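The values are calculated or read from the model by the stated rules, or taken from the named source; none is laboratory data. It should be emphasised that the depicted structure is a prediction, and the values quoted were computed from it without experimental measurement. We place every Cβ from the backbone using ideal geometry, glycine too, and count neighbours over all the protein chains shown. Calculation scope for accessible area: heavy atoms of the full protein, side chains included, ligands and nucleic acids excluded. Shrake-Rupley method; radii C 1.70, N 1.55, O 1.52, S 1.80 Å.
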Amino acid sequence: MRSLSSIEEWRAYCEEVRRAGGRVGLVATMGALHEGHASLFERARRDGTVVVATIFVNPRQFNDDGDLRSYPRTPRDDRAMARRHGVDCLVEPRLDEMWPDYPRPTATTVSVRGVGDGFEGDGRPGHFDGVASVVAKLLTITGPCAAYFGEKDFQQVAVVRAMVRDLGFAVTVVACPIVREPDGLALSSRNRRLSPRGRERATALSRALARAAREPATASEVRATLRATLEEAGVEVAYADVVDPVRLVPAGDDEAGERRALVAGIIDGVRLIDNGPVTLVAREA
Ligand code: PAF
């Protein structure tokens, strides 16, 4: 596995891959790698790409300093995991190269309206500006590629897709399924900050989604099922909603068909998110 940190070398590596007729598969991460990330590396390998993974804890997407400080950092384990799962090139860019002006604001910010508003956009003001800006930079340096993102961050995938389309990046966005623990908890770097009791409580997120998916229901019924399951488990609910999976607009009771349920809850002071498919039936007139 190649290990790089300079932007110049990273850009040159990707250009060389393409010159030799290969395709770059980018997996952007903030480290604290787990099996969810491993599934992205493996998917990129199966697609026949030369896998380039980045680890950069992007301070611009944290709206809370405490959250940034407590974000888990496990560089040695991350390197071992990347090697084990067939990453060809691991890039750990330096903060002063990624954001030379930090902590002063950048002159340029990428802001995705519509799909970036609401949900995580409301709960974490400025979060998606930070995500879109850093992903734009990662994609610009990497150049034409397939970029792999986990569907656990459903809204993030929608934001990246909108940005790629609107700004004309030569990038194919590949959304990959959520990886779960045997008890349903979606894998997340944040899970390691939960107490044993909080960890147990956190299973309410996937349980709520499974209950809501059990049988077709109206949008209001889905919302009520999600919220009740979370509240019964003592989870502080940030949101529990059902939306159009592309535009992320909340569904109405007159709608029927496949939609996406989105939940977010705060447990032990840690914000956790999850999502899953649900089938809506229209309320009878
Ligand atoms: O999903 C993440 O880990 C981050 O939001 C990303 C896409 C690497 C941007 O910092």
Check THR140 against each of (1) farther than 30 Å from VAL249 by Cα; (2) within 15 Å of the ligand (Cβ to nearest atom) and name the one condition it does not meet. (1)
Looking at ALA158 and the list (1) out of contact with any strand residue (DSSP E or B) (no Cβ under 7 Å at 6 or more places or on another chain); (2) surrounded by fewer than 20 Cβ atoms within 10 Å (Cβ to Cβ), which single condition is not satisfied? (2)
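Is it the case, given these coordinates, that THR108 is closer than 24 Å to GLY21 by Cα and either in contact with a helix residue (DSSP H, G or I) (Cβ under 9 Å, 6 or more places away or on another chain) or touching a residue at least 40 places away in the same chain (Cβ under 8 Å) (or both)?
No; evaluated as a whole, the condition is false for this residue.
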Given the conditions (1) surrounded by 19 or more Cβ atoms within 10 Å (Cβ to Cβ); (2) at negative phi; (3) in contact with a helix residue (DSSP H, G or I) (Cβ under 8 Å, 6 or more places away or on another chain), every one holds for THR49 apart from (3)
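Scan ASN63, ASN58 and give me the residue that is surrounded by fewer than 16 Cβ atoms within 10 Å (Cβ to Cβ), under 19 Å from the mean Cα position of the chain (by Cα) and within 22 Å of SER133 (Cα to Cα).
On the way: ASN58 fails: surrounded by fewer than 16 Cβ atoms within 10 Å (Cβ to Cβ).
The match here is ASN63.
Any idea which of ALA80, ALA136 is under 22 Å from LEU26 (Cβ atoms), free of Cβ contacts under 8 Å to residues at least 12 places away in the same chain and out of contact with any Cys (no Cβ under 6 Å at 6 or more places or on another chain)? Walk me through it before giving the result.
On the way: ALA136 fails: free of Cβ contacts under 8 Å to residues at least 12 places away in the same chain.
Sole residue among the options that is under 22 Å from LEU26 (Cβ atoms), free of Cβ contacts under 8 Å to residues at least 12 places away in the same chain and out of contact with any Cys (no Cβ under 6 Å at 6 or more places or on another chain): ALA80.
Touching a Pro at 6+ places or on another chain (Cβ under 8 Å) and assigned to a helix (DSSP H, G or I) - does that describe any residue in the range 56-66?
The initial filter retains those residues of the range 56-66 that are touching a Pro at 6+ places or on another chain (Cβ under 8 Å), namely 56, 59, 63.
Keeping just the survivors that are assigned to a helix (DSSP H, G or I) gives 59.
Yes; the residues of the range 56-66 include at least one that is touching a Pro at 6+ places or on another chain (Cβ under 8 Å) and assigned to a helix (DSSP H, G or I).
Residue-by-condition table, conditions (1) open to solvent by 10 Å² or more (accessible area, probe 1.4 Å); (2) part of a strand (DSSP E or B); (3) more than 25 Å from LEU185 (Cβ to Cβ):
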position	(1), (2), (3)
ARG247	yes, no, yes
ASP253	yes, no, yes
ALA261	no, yes, no
ALA264	no, yes, no
ARG271	yes, yes, no
ASP274	no, yes, no
VAL278	no, yes, no
ARG283	yes, no, yes
Hey, THR172 hits all of (1) surrounded by fewer than 18 Cβ atoms within 10 Å (Cβ to Cβ); (2) closer than 21 Å to GLY123 by Cα but one; which does it fall short on? (2)
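State the number of residues belonging to the range 175-209 that are in a loop (DSSP other than H, G, I, E, B) and within 16 Å of the ligand (Cβ to nearest atom). Let's see the steps before the verdict.
Initially, the range 175-209 is screened for residues in a loop (DSSP other than H, G, I, E, B), giving 177-179, 181-185, 187-188, 194-195, 202.
From what is left, the residues that are within 16 Å of the ligand (Cβ to nearest atom) are 177-179, 187-188.
Residues meeting the conditions: 5.
Among the residues in the range 18-30, are any part of a helix (DSSP H, G or I) and more than 13 Å from the ligand (Cβ to nearest atom)?
Restricting attention to the range 18-30, the residues satisfying the condition of being part of a helix (DSSP H, G or I) are 18-19.
Subset that is more than 13 Å from the ligand (Cβ to nearest atom): 18-19.
Looking through the range 18-30, at least one residue is part of a helix (DSSP H, G or I) and more than 13 Å from the ligand (Cβ to nearest atom).
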Of all residues being within 16 Å of the ligand (Cβ to nearest atom) and of a type in the set (Gly, Ala, Ser) in the range 47-84, which is nearest to MET98 (Cα to Cα)? Just the residue, please. ALA53
Go through the residues of the range 96-112 one by one and say whether even a single one is within 16 Å of the ligand (Cβ to nearest atom), open to solvent by less than 10 Å² (accessible area, probe 1.4 Å) and not charged (D, E, K, R). yes
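Select, from VAL179, VAL164, the only residue that is open to solvent by 40 Å² or more (accessible area, probe 1.4 Å) and of a type in the set (Val, Ile, Thr). Reasoning before the result, please.
Working: VAL164 fails: open to solvent by 40 Å² or more (accessible area, probe 1.4 Å).
Exactly one residue qualifies, and that residue is VAL179.
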